[in-house]
Amino acid sequence: MVKFMKKMNGVFNASEGTTRFSFLKEQAIKTVFFFTAFFAVIVVLFILLFLLQDGYVIFEKVGVLAFLFGDSWAPTAVVPLYGILPLIVGTLLVTLGAMVFAVPLSIGCAIYISELASPRVKQVLKPAVELLAGIPSVVYGFFGLIVLTNFIRVVFDLPTGETWLAASVLLGIMALPTIISVSEDAISSVPREYKEGSLAIGANRWQTISRVLVPAALSGIAAAIILGIGRAIGETMAVLMVAGNAGIIPDPLWNIFSSVRTLTATLGIEMGEVSVGSDHYSALFGVAVVLLIITLIVNISAVTILRRLKEGRTAHHARKPFIPSSMQESLKRVGEVSVIAALILFLLEAAPWYFAAVILLVCGAFYFGRNRLSRKHIEKIAFGLIIAAAVIVIAILVIILQNIILNGLPALSWEFLTQPPQNLGRAGGIFPAIIGTLYLVTGAIAIALPLGVGAAIYLIEYTREGRITRLIRTGVDLLNGTPSIVFGLFGFAFIVLYLGIGVSLLAGQITLALMVLPTVIRTTEESLKNIPQSLREGSLALGATRWQTISRVVLPPAVPGIVTGAILSIGRAAGETAPIMFTAVIFSSRFLPNSVFQPVMALPYHLFILATNVPGASTNKYGTALVLLMIVVGFYSVAIIVRNHFQNKSRG
């Protein structure tokens, strides 16, 4: 009996030891995931810290008000001037023009996708919009520099087409996918009861859309527009290539043919040639601080609106329209009058008199004759405009792709793809740039993927909504809204200089990893949320630990979504120029790097230099643009195919 009791006591002690070991293992895993999740907050704090540290000198020397409201930016003059008001005004004007161009087209296209398009058309249109988002900004800038500016110069008989108008149109095109996607999601999320109730009381489809669905989705549409504004404000390469970059305030202010310079373009132009530690260097970091604050405010506003909209839908399925019905008619009339007034001012300033007369005649006839039109005619006109918006969006995509493909195909050859550049890129190939781009992307995703997946696992599996979770999500949102050029400056200040790594492949990989980290976190979160809770509960009920449940039950079915996020991140990293300009790249090299501490060539930067600094390289410019476009769009296409495949599989 004594021997039996000793044996059982040993079993219990072993079981207790095993349980204690499992507990410590679970706590260690949870702690690791917590730090991966909190990493986004740390990165945001570090970015703010290093920007403020390097920009503080100029604020102290010049003064905050003089820096913000000084009307001259001339840091290299005999008496340097550090007033960034022209840069702020240029940024706001370009963004305003982009929204005037993008918002009507985006909302019209979103309405068409959500309410009018057949399932077959929708399957084509949504991926097309996503591919529009996948075109690298430097390719947009190249197209704008070669095609758009020349078109504006010829049509309006100007000395140069590099103007505020060109920058606004180009940024408007780039903002289209963001506004369309979020607006379409907001409209599609309006409860079906709204639509069915409106149609049941005798309203036609257009009345239902304009007076019920759109007002109900107005908060989501507002968030989409704010995100589009953030996209336009934070863009560097495209606006740098087409805006003219004159640090002046247009005179008169609405002169859309004036050259302007934005905050981001100033950083892109001047940062590469400034002396580290000089007043000019500090002033550029001061510009980055102002840019970061503006974009953070914009993106926080959009995230807050979307979060409240989501919480409102969860709390109450049937959400009431955002605007009270008593105010809708008056707001509608004020909006119509203001739009027409703005159109008149624009046309009187910019357009030929005959064109202005035709447009004003059409607008006036519609405005004053709308009460005489039947409901059926109004619906036809409205649907015609909506369809036209969708057609214009597709036409923009076709024009860009057609121009790049037709002009780039003659450059493609085995030698072009396998040889190094010669004669400053006018001859030879782009092999080192292709391999350098793949090196950068591979290293970036190798860093970002484990951090992003770990952060998402902690947020979904290990914690509930609370202060810590909100803080982490806010950090992720702020990191996602940070302009790419700010990542470049942070990488230069912290990784290149402070850590002493130097301009190198490793510095570029880390910088790109920080930039794509929010994408990995968000896509992984969505994948984990789609796993039924019953699977977790069943696994835990059978005695599995939380980590065993996550690793063996939750993660395997979530792998397709995680892979999709990784592919999207690869596509974005491959097409970025601003983050690697000051951290990783050189223009031309005949050899591949021997270690991660050497700089590399990269396709986006190679295209930028060819387009802006190397005359006589037209064929190779288009060839480089086409190869870059094929790589990035290829990644995005694979992500779309993978997503659609598993969506159809889950429905089946």
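The values are calculated or read from the model by the stated rules, or taken from the named source; none is laboratory data. Bear in mind the structure is a predicted one, so any value in this text is a computation, not a measurement. When we count neighbours, we look across all protein chains shown, and the Cβ atoms used for this are built from the backbone with ideal geometry, even at glycine.
Here are a few things to note about the model shown:
Here's the yes/no breakdown for (1) at positive phi; (2) at pLDDT below 85; (3) among the β-branched types (Val, Ile, Thr):
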| site | (1), (2), (3) |
| --- | --- |
| Phe23 | no, yes, no |
| Gln27 | no, yes, no |
| Leu51 | no, no, no |
| Phe59 | no, no, no |
| Ile88 | no, no, yes |
| Val103 | no, no, yes |
| Ile107 | no, no, yes |
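- Leu540 on the phi < 0 side of the Ramachandran plot, among the aliphatic types (A, V, I, L, M) and free of Cβ contacts under 8 Å to residues at least 12 places away in the same chain: yes
- Condition met for Thr95 (buried (at least 21 other Cβ atoms within 10 Å of the Cβ), at pLDDT 90 or above and closer than 30 Å to Leu125 by Cβ): yes
- Check on Thr469, under 20 Å from the mean Cα position of the chain (by Cα) and more than 30 Å from Glu270 (Cβ to Cβ): no
- Contact map, the range 99-116: residues that are in the same structural domain as Met174 (by TED's automatic domain parsing) paired with residues that are in a helix (DSSP H, G or I) and among the charged types (D, E, K, R), Cβ distance under 6 Å, separation 6+ or inter-chain. Pairs shown: Ala110/Glu184; Ile113/Lys122; Ile113/Glu184; Ser114/Glu184.
- Test set (1) outside the structural domain of Leu171 (by TED's automatic domain parsing); (2) out of contact with any helix residue (DSSP H, G or I) (no Cβ under 7 Å at 6 or more places or on another chain); (3) surrounded by 14 or more Cβ atoms within 10 Å (Cβ to Cβ) - Thr31 fails condition number: (3)
Each row is one residue, and each column tells you yes or no for (1) surrounded by 16 or more Cβ atoms within 10 Å (Cβ to Cβ); (2) of a type in the set (Val, Ile, Thr); (3) not in a helix (DSSP H, G or I).
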{"residue": "Ala382", "(1), (2), (3)": "yes, no, no"}
{"residue": "Ile392", "(1), (2), (3)": "no, yes, no"}
{"residue": "Leu440", "(1), (2), (3)": "yes, no, no"}
{"residue": "Pro450", "(1), (2), (3)": "no, no, no"}
{"residue": "Ile457", "(1), (2), (3)": "yes, yes, no"}
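- In the range 127-216, counting only helices (runs of 4 or more DSSP H) that sit wholly within it, the ones holding 3 or more residues that are buried (at least 19 other Cβ atoms within 10 Å of the Cβ) and not assigned by TED's automatic domain parsing to the domain that holds Gly571 span 137-143, 164-188.
- Applying a threshold of 7 Å to beta carbon distances and a minimum spacing of six or more residues, or different chains, the list of pairs starting in the range 259-281 at a residue that is under 21 Å from Thr577 (Cα atoms) and at pLDDT 90 or above and ending at one that is polar (S, T, N, Q) and part of a helix (DSSP H, G or I) reads Thr262/Thr91; Leu263/Thr91.
Okay, residues lined up against (1) of a type in the set (A, V, I, L, M, F, W, C); (2) surrounded by 14 or more Cβ atoms within 10 Å (Cβ to Cβ); (3) in the same structural domain as Thr624 (by TED's automatic domain parsing):
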site: Thr524; (1), (2), (3): no, yes, yes
site: Leu542; (1), (2), (3): yes, no, yes
site: Thr545; (1), (2), (3): no, yes, yes
site: Val554; (1), (2), (3): yes, yes, yes
site: Ile562; (1), (2), (3): yes, yes, yes
site: Gly571; (1), (2), (3): no, yes, yes
site: Phe587; (1), (2), (3): yes, yes, yes
site: Pro593; (1), (2), (3): no, yes, yes
site: Val596; (1), (2), (3): yes, yes, yes
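Each row is one residue, and each column tells you yes or no for (1) in contact with a helix residue (DSSP H, G or I) (Cβ under 9 Å, 6 or more places away or on another chain); (2) crowded, with 23+ Cβ neighbours inside 10 Å; (3) part of a helix (DSSP H, G or I).
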{"site": "Ile468", "(1), (2), (3)": "yes, no, yes"}
{"site": "Gly475", "(1), (2), (3)": "yes, no, yes"}
{"site": "Val486", "(1), (2), (3)": "yes, yes, yes"}
{"site": "Gly500", "(1), (2), (3)": "no, no, no"}
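- Any hit, the range 136-148, residues being touching a residue at least 12 places away in the same chain (Cβ under 8 Å) and in contact with a strand residue (DSSP E or B) (Cβ under 9 Å, 6 or more places away or on another chain): no
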